[in-house]
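Participant: Submitted below is the structure of interest, expressed as structure tokens.
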Amino acid sequence: MAELRRIAIVGSARIPFARAYSGYADETNLSMLATALAGLADRFNLKGEKVDEVMAGAVIKHSRDFNLAREAALDAGFSPRTPGITVQMACGTSLEAALALGAKIATGEIDCAIAAGADTVSDSPVVFGDRFQHRMIALRRARTAAERLKALRGFSPAELAPVAPSTEEPRTGLSMGEHCELMARQWDISREEQDQLALRSHQNAARAYDEGFHDDLVVPCAGVLKDNNVRPDTSLEKLAALQPVYDRKSGKGTLTAGNSTPLTDGAAAVLLASEEWAKARGLPVLAYLVHGRVAANDFAGGDGLLMAPTIAVAELLERSGLGFADIDLFEIHEAFAAQVLATLEAWRDPGYNSSVLGRDTPLGEIDPDRINVKGSSLAYGHPFAATGARILGVAAKLLATTQKQRALISICTAGGMGVAALLEHP
């Protein structure tokens with residue numbers, strides 16, 4: 001068997017993330033994703049060039065988005081010979097795409113690829129109930145007047161009531177926020193801890209903008225020039241004044257609009273390649289993607305919905321022979337502040353490590369100064385399928401600019417799943 005090649009992360013591009021119903025109210029998954037891909041093509045002189053594969057997806061999408069990756073690649077100006085593969089793994093979509101493409105690069109099947117994702121809550125599909133849907137299908141299939149009349153028989157205006165989009169888990173009927181409230185109680189995560197983590201995320205993100213960290217990562221879209229959720233002027237006092245949003249009745253709710261990610265629109269993309277392909281084009285290697293792991297838990301049976309990354313990270317480190325002490329930078333997706341804090345608590349809890357992670361000793365503590373040093377989803381927002389590519393691009397650039405050795409990425413997803421990845425400095 002041929003020796004596996006190293007997977008180079010060349011660079012990334014994303015559009016500014018915007019709160020739902022704000023800057024991208026008139027945009028679509030396709031228009032946003034195409035803009036992010038075009039930004040990547042412009043930066044690395046790929047307009048008109050063939051890329052071996054573009055793999056991208058969206059979580060909230062219309063039926064018209066069935067060929068999203070291919071259409072976006074064409075709109076972005078890549079060669080028509082560039083294939084597009086549309087995928088979906090909830091919040092882990094674009095990171096899982098990067099792992100899948102990286103495996104193909106490692107084995108020599110392809111030489112270059114783009115992992116990407118987009119999501120727009122502002123353009124959520126509004127659908128009708130099953131009864132009206134079936135009626136419309138029957139009407140379309142009707143060939144005679146009698147068949148058309150039969151399809152319309154018994155129609156009631158109530159059938160026209162739209163079914164609102166929902167983020168409830170099908171197996172529990174609870175939203176992600178409601179699940180996270182349960183996690184906060186299980187792990188005794190206080191409101192104050194959550195607000196402090198949210199404040200830190202906004203402060204780090206605002207500092208990253210002031211330092212120019214995002215200057216070569218973010219491309220304008222629809223007149224939006226920068227993320228509009230970052231709050232450099234927020235404070236613990238302002239965060240403490242917010243009311244709980246997922247548990248408003250018990251008096252025990254701790255998750256607020258300030259310590260939870262807002263509904264967000266956006267898109268992001270990452271260019272991956274073999275070292276040979278990058279070198280032949282004079283392109284940089286920011287970092288290497290060296291390990292990945294996907295895990296799931298029994299959230300419907302009582303495991304925390306957003307706790308699967310604890311398993312993915314533990315398994316990744318076991319397979320790589322590393323521990324927390326070997327990791328310089330941690331990028332932990334901030335779906336909710338409580339989710340990050342529960343994850344950190346679980347990794348240092350002996351009982352959890354033994355019963356869930358199968359470890360004799362806890363993974364241990366992580367220095368807060370090594371976590372999300374440029375801010376994360378609480379500050380930037382979270383367009384579901386785009387978050388993995390955003391984080392992967394940030395982590396790669398951080399390794400290149402700080403000369404640190406390793407970065408670990410952890411992303412929780414709906415459905416009780418988690419994705420983890422390990423990057424190394426070139």
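The values are calculated or read from the model by the stated rules, or taken from the named source; none is laboratory data. Predicted model, so just to flag it, every value in this text is computed and none were measured. With ideal geometry, Cβ positions are generated from the backbone for all residues, glycine too; neighbour counts draw on all protein chains shown. Just the protein is used for accessible areas: all its heavy atoms, side chains included, with ligands, DNA and RNA removed. Shrake-Rupley method; radii C 1.70, N 1.55, O 1.52, S 1.80 Å.
Participant: Can you give me the distance in nm between label points at residue 279 and residue 134, each placed 7 Å from the Cα along the Cα-to-Cβ direction?
Facilitator: 6.3 nm
Participant: Just check the chain against the gyration tensor rule for me: Cα atoms, a ≥ b ≥ c as the square roots of the eigenvalues, rounded for a/c under 1.5, and otherwise prolate or oblate depending on whether a/b exceeds b/c.
Facilitator: oblate
Participant: In a GNM of the chain with a 10 Å cut-off on Cα contacts, which of 113, 240, 287 has the highest mean-square fluctuation?
Facilitator: Looking only at 113, 240, 287, the largest GNM fluctuation is found for 240.
Participant: If a paramagnetic tag sat 7 Å from the Cα of residue 147 along the Cα-Cβ line, which residues of region 103-131 would have the backbone N under 18 Å from that point?
Facilitator: Answer for region 103-131: none.
Participant: Follow-up question, since we're still on this one. For the chain, what does -39500 (n - 2.57) per DSSP helix run (n ≥ 4), summed and divided by total residues, give at 222 nm, in deg cm²/dmol to the nearest 500?
Facilitator: Numbers: 14 runs with 151 residues, N = 426.
Only helices count here, giving -10500 deg cm²/dmol.
Participant: Show me, for region 2-13, the HN-Hα J-couplings you get by feeding each phi into the Karplus relation (A = 6.51, B = -1.76, C = 1.60, θ = phi - 60°), rounded to Hz, glycine and proline as x.
Facilitator: After applying 6.51 cos²θ - 1.76 cosθ + 1.60, I find 5, 5, 5, 8, 7, 9, 8, 9, 7, x, 8, 8 Hz.
Participant: Sticking with the crude label model, points 7 Å out along Cα→Cβ, report the distance from residue 240 to residue 190 in nm, one decimal please.
Facilitator: With each label placed 7 Å out from Cα toward Cβ, I get 1.1 nm.
Participant: What does the charge dipole of the chain about its Cα centre add up to, to the nearest 20 debye, if the Cβ of each Lys and Arg holds +1 and the Cβ of each Asp and Glu holds -1?
Facilitator: 1480 debye
Participant: With every protein chain present, what is the per residue accessible area of region 300-426 (1.4 Å probe, Å²)?
Facilitator: About 29 Å² of surface per residue is accessible.
Participant: Under 8 Å for C-alpha pairs, at least 6 residues apart: give me the relative contact order for region 1-68, rounded to a whole percent. Working shown, then result.
Facilitator: Numbers: 24 pairs, mean separation 22.7, N = 68.
Relative contact order here is 33 percent.
Participant: Expressed as a rounded percentage, what relative contact order does the chain have, with Cα pairs under 8 Å and six or more residues apart?
Facilitator: Value for the chain: 27 percent.
Participant: Pop a pseudo-label 7 angstrom from the Cα along the beta-carbon direction at both residue 207 and residue 66 and give the gap in nm to one decimal.
Facilitator: 4.9 nm
Participant: Once you have a ≥ b ≥ c as the square roots of the Cα gyration tensor eigenvalues for region 20-150, tell me rounded if a/c is under 1.5, and otherwise prolate or oblate according to whether a/b is larger than b/c.
Facilitator: The shape class here is prolate.
Participant: Right, another one. So if a site counts as exposed when it's one of the GluC sites (Glu not before Pro), its DSSP state isn't H, G, I, E or B, and it has at most 15 other Cβ atoms within 10 Å, what's the longest stretch of the chain without one?
Facilitator: 212-364
Participant: May I pose another question? Relative to the present Cα-Cα distance, how much length would full extension add between residue 22 and residue 249 at 0.36 nm per residue of separation? Show your work: numbers first, answer last.
Facilitator: On the way: separation 227, 0.36 × 227 = 81.72 nm, distance 2.99 nm.
Contour length minus the Cα-Cα distance gives 78.7 nm.
Participant: Can I ask one more? Could you report region 49-91's accessible area per residue, 1.4 Å probe, as an integer in Å²?
Facilitator: 44 Å²
Participant: Here is a follow-up. So for the chain, if I pair up every lysine 8 or more residues apart or on another chain, how many of those pairs have alpha-carbons under 21 Å apart?
Facilitator: Close lysine pairs under the 21 Å cut-off: 10.
Participant: List the trypsin sites (Lys or Arg not before Pro) within region 64-128 that fall in a DSSP loop (any state other than H, G, I, E or B) and whose Cβ has at most 10 other Cβ atoms within 10 Å.
Facilitator: The qualifying sites are 81.
Participant: A further question on this structure: Could you pull out the chymotrypsin sites (Phe, Trp or Tyr not before Pro) across region 102-203 that fall in loop regions by DSSP (anything but H, G, I, E, B) with no more than 14 other Cβ atoms inside 10 Å?
Facilitator: When the chymotrypsin sites (Phe, Trp or Tyr not before Pro) of region 102-203 are filtered for loop state and at most 14 Cβ neighbours within 10 Å, 155 remain.
Participant: At a Förster radius of 35 Å, what calculated FRET efficiency corresponds to the Cβ-Cβ distance of residue 47 and residue 402, to the nearest 0.05?
Facilitator: On the way: r = 31 Å, r/R0 = 0.88.
Once the sixth-power term is evaluated, E becomes 0.70.
Participant: Within region 135-170, list the trypsin sites (Lys or Arg not before Pro) lying in a DSSP loop whose Cβ has at most 15 other Cβ atoms in a 10 Å radius.
Facilitator: Taking region 135-170 and a limit of 15 other Cβ atoms within 10 Å, the loop trypsin sites (Lys or Arg not before Pro) found are 143, 153.
Participant: Can you send over the carbon and sulfur percentage of the accessible area for the chain, probe radius 1.4 Å, protein chains only?
Facilitator: Exposed carbon and sulfur together represent 51 percent of the surface.
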